[in-house]
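Have a look at the structure below before the remarks.
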Amino acid sequence: MSTITDINTAFPIRRLIRVGLLAAVALLMSYPLLWLVSSSFKPESIIFSDAGFDLNHFTLQNYIEGWNKLGMPFGVFMLNSAFICLLAIVGNLFSCSLAAYAFARLQFPFSRTAFAIMLVTLMLPMHVTILPQYIAFQSVGAVNTVLPLVLPKFFAVDAFFIFLLVQFIRGIPRDLDQAAEMDGCNKYQIFWYIIFPVCRPALVLVAIFSFLWTWNDFFSQLIYLSSAENYTAPLALNLFIDATSGESAWGMLFAMSLITLLPLFVLFMLFQRQLAEGIATTGLKG
Amino acid sequence: METVQTSRLFFRRKPVSVDALAPSHRGEARTAFVFLLPWLLGLIFLTTLPMAGSFVLSFSHYDLLSPPQWIGLENYERLLAHDPRYLKSLEVTTTYVLVSVPLSIAMALVIAVALSQQTPTANLFRGIFYLPSLLGGSVAVGVLWRQIFGGNGLVNMMLGGLGFQTTSWIGDPRYALWILIILHIWQFGAPMVIFLAGVRQIPKEIVDASIMDGASPVQRFFRITLPLLSPLILFNLVMQTINAFQAFVPAFVISDGTGGPIDSTLFYTLYLYVEGFRNFRMGYAMAMAWVLLAIIAVFTAISFYASRFWVHYES
């Protein structure tokens, strides 16, 4: 692809400087993360004396000790998080694709108004709804369960995903729908056999971002989950800070931090291109 | 899938009128209603009714244990006139937004322009710059920042090695907020990716013509790139600001949930959390949520109004 900076190829020195500067910024930005990784394998005493990557005292002690520090294996919290994320993904895929199909393809009264309302809910801070939701869930005894965290996903509350899917479905040629209609498909069949499968790239994005946002949704998890065995990975990490305050436990803290980041790293490695393209086309927040 | 392939082959070239095929609109509306049902139920029971509830309760005193008591405008009066901690949180959050949003957008813009060429190197850099946005909202990165800018942290190890006097950056009310601002700027990757897509769509002819006319790289940046990207700048500005006003995790982790030292990192939503869920002043917290909504709405309205003077739309 040709762009503005094509001409820079004509000036190798200028180009070299640019790449050098970019590399410097990249190094500065990734230094904390690289240092986190290396420090999680260092003994406590080395962490506070080595600003670099001295791995002569390589140890797994931080991981072994940290894993059971909270009275139960850290894996419990990872599984709790994974379970909530899985349900959130299923809920979002189901509810948002249904709504998106109706907005993109079907004619119904007040469709423009409904679409506008959907867009407005995008801008709402969660804080105007989450407090009354908390009171309601508390009154039915659902606090400290996954229900308040997962149920809203089955009712298309994350309007961003509806918007993303509407945009995608509008790009699908209507010939497809019409052909299927000629073959005798009704709207439900068109949705299920044609639109849904064709939407796969967009649905992958919905799944990825559902996972990311749910994994990092600390605020909701903090207010709803109250007993340690129900804690998600970020809550457990936060508990870890309290549990180890007073003693010097940065090694363990780093090791467990890294474990909670691991799923995000993996996702990034697997779907880097999709993530970048998804953000670029829809403006989803990272 | 099979249906798609075959029917596509057979019917593709035959123009079919939509009206001839469409069942009665009434029937279609009914179908649409079925498809929209989950969203509608969510809109009513998880958005509209809770909003109405929180609006009503924002005029009450409610501690979750005894029934709410109607106290009129008292919560709002207290917010605006009698709660120095609230005003402090407003000041802290506004500073955070006003400093970190423009800086991260500027950073995103400059880096996006530098990466405009679609080469393997540029895509590698894109990945490296984007990763922090993915991780930045996590508790784990908060933990990392705590160590890096703590008394014995990474930064002080480096500064100490150079012979500087060191202090605990997150423990000093003069610096703590700036540490959070740095964390926000560290996450410039998300807006950068959006700008990058925009930069790569700038037509080559425009650029070539300007080069022929003798425009310098700086002139091209201000006369071509910036105007063509201005809709994306507006978009990033609005979205980043809305998100930054609601920032919670970094301040919570760095200050142990207190907003300290001396309330210097008392973000708006952190104070809302403390009032609602630690001090059980639900009515008060709801009033805070409504003021936050108003702030965001006013800001968004101003941004869109002001945009007509600087955002350039291609006709």
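The values are calculated or read from the model by the stated rules, or taken from the named source; none is laboratory data. Note that this is a predicted model, so its numbers are computed, not measured. Counting neighbours? That spans all protein chains shown, and the Cβs are built from the backbone with ideal geometry, glycine included.
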| Residue within the stretch A:39-56 that is part of a helix (DSSP H, G or I), modelled with pLDDT of 85 or more, within 30 Å of B:ASN123 (Cα to Cα) and small (Gly, Ala, Ser) present | yes
| request: Please enumerate the residues belonging to the stretch A:118-136 that are in contact (Cβ under 8 Å) with a residue 60 or more places away in the chain and more than 11 Å from chain B (Cβ to nearest Cβ). | output: none
| note | Expected output for the stretch A:52-72 (first residue at positive phi, partner not acidic (Asp, Glu) and not in a loop (DSSP other than H, G, I, E, B), Cβ below 8 Å, 6+ apart or cross-chain) is A:GLY71/A:ALA228
| request: Consider B:ILE211 carefully, then state whether it is surrounded by fewer than 16 Cβ atoms within 10 Å (Cβ to Cβ) and hydrophobic (A, V, I, L, M, F, W, C). | output: yes
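Can you spot a residue in the stretch B:209-228 that is within 7 Å of chain A (Cβ to nearest Cβ), over 23 Å from B:ARG308 (Cα atoms) and not β-branched (Val, Ile, Thr)? Lay out the reasoning, then the answer.
First pass over the stretch B:209-228, keeping only residues within 7 Å of chain A (Cβ to nearest Cβ): B:211, B:220, B:225.
Keeping just the survivors that are over 23 Å from B:ARG308 (Cα atoms) gives B:211.
If we keep only those that are not β-branched (Val, Ile, Thr) as well, we get none.
Scanning the stretch B:209-228, I find no residue that is within 7 Å of chain A (Cβ to nearest Cβ), over 23 Å from B:ARG308 (Cα atoms) and not β-branched (Val, Ile, Thr), so the answer is no.
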| Residues of the stretch B:28-56 being closer than 20 Å to B:PHE277 by Cβ and at the interface with another protein chain (Cβ under 7 Å from one of its Cβ atoms), which ones? | B:LEU46, B:PRO50, B:MET51, B:GLY53, B:SER54
| message | Looking for something more than 8 Å from every other protein chain (Cβ to nearest Cβ), outside any helix (DSSP H, G or I) and surrounded by fewer than 16 Cβ atoms within 10 Å (Cβ to Cβ) - is there at least one such residue anywhere in the stretch B:182-198? | response | no
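Would you confirm whether any residue within the stretch B:222-232 is charged (D, E, K, R), over 23 Å from A:SER257 (Cβ atoms) and either in contact with a Gly (Cβ under 8 Å, 6 or more places away or on another chain) or free of Cβ contacts under 8 Å to residues at least 12 places away in the same chain (or both)?
Taking the stretch B:222-232 as the starting set, the residues that turn out to be charged (D, E, K, R) are B:223.
This time we only want the ones that are over 23 Å from A:SER257 (Cβ atoms), so: B:223.
This time we only want the ones that are either in contact with a Gly (Cβ under 8 Å, 6 or more places away or on another chain) or free of Cβ contacts under 8 Å to residues at least 12 places away in the same chain (or both), so: none.
No, every residue in the stretch B:222-232 fails to be charged (D, E, K, R), over 23 Å from A:SER257 (Cβ atoms) and either in contact with a Gly (Cβ under 8 Å, 6 or more places away or on another chain) or free of Cβ contacts under 8 Å to residues at least 12 places away in the same chain (or both).
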| message | Whether any residue in the stretch A:137-144 is surrounded by 15 or more Cβ atoms within 10 Å (Cβ to Cβ), among the aromatic types (Phe, Trp, Tyr), at the interface with chain B (Cβ under 10 Å from one of its Cβ atoms) and not in a loop (DSSP other than H, G, I, E, B) is what I want to check. | response | no
| Does at least one position in the stretch A:120-129 carry a residue that is under 25 Å from the mean Cα position of the chain (by Cα), crowded, with 21+ Cβ neighbours inside 10 Å and not assigned by TED's automatic domain parsing to the domain that holds A:CYS199? | no
| query | Limited to the stretch B:243-261, what total is found for residues that are surrounded by fewer than 22 Cβ atoms within 10 Å (Cβ to Cβ), touching a residue at least 40 places away in the same chain (Cβ under 8 Å) and facing chain A (nearest Cβ under 7 Å)? | reply | 1
| remark: Exactly one of A:PHE103, A:PHE115, A:PHE154 is in contact with a Phe, Trp or Tyr (Cβ under 7 Å, 6 or more places away or on another chain) and at the interface with another protein chain (Cβ under 7 Å from one of its Cβ atoms), and that one is A:PHE154
| When the stretch A:18-73 is examined, which residues are found to be farther than 30 Å from A:GLU229 by Cα and among the basic types (Lys, Arg)? | A:ARG18
| field | Matching residues in the stretch B:267-284 - criterion: being under 14 Å from B:LYS88 (Cα atoms) and of a type in the set (Phe, Trp, Tyr) | value | B:PHE267, B:TYR268, B:TYR271
| query | For the stretch B:265-311, which residues satisfy the criterion of being surrounded by fewer than 23 Cβ atoms within 10 Å (Cβ to Cβ) and assigned to a loop (DSSP other than H, G, I, E, B)? | reply | B:ASN279, B:PHE280, B:ARG281, B:VAL311
| message | Take the residues in the stretch A:145-169 that are surrounded by fewer than 16 Cβ atoms within 10 Å (Cβ to Cβ) and either in a helix (DSSP H, G or I) or under 17 Å from the mean Cα position of the chain (by Cα) (or both); name whichever of them is modelled with the lowest pLDDT. | response | A:GLN167
| said: Taking the conditions exactly as written (out of contact with any Lys or Arg (no Cβ under 6 Å at 6 or more places or on another chain) and within 10 Å of chain B (Cβ to nearest Cβ)), does A:ASN186 satisfy them or not? | reply: yes
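Condition first: on the phi > 0 side of the Ramachandran plot and without any contact (Cβ under 8 Å) to a residue 40 or more places away in the chain. Now tell me which residues in the stretch A:137-160 satisfy that.
Scanning the stretch A:137-160 gives a single hit, A:GLY141.
What do you reckon, is B:SER303 at pLDDT below 90 and within 21 Å of A:MET126 (Cβ to Cβ)? First the steps, then the outcome.
Numbers: at pLDDT below 90: yes; within 21 Å of A:MET126 (Cβ to Cβ): yes.
It is true that B:SER303 is at pLDDT below 90 and within 21 Å of A:MET126 (Cβ to Cβ).
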| said: Please determine whether any residue of the stretch B:100-107 is exposed (fewer than 15 other Cβ atoms within 10 Å of the Cβ) and within 26 Å of the chain's Cα centre (by Cα). | reply: yes
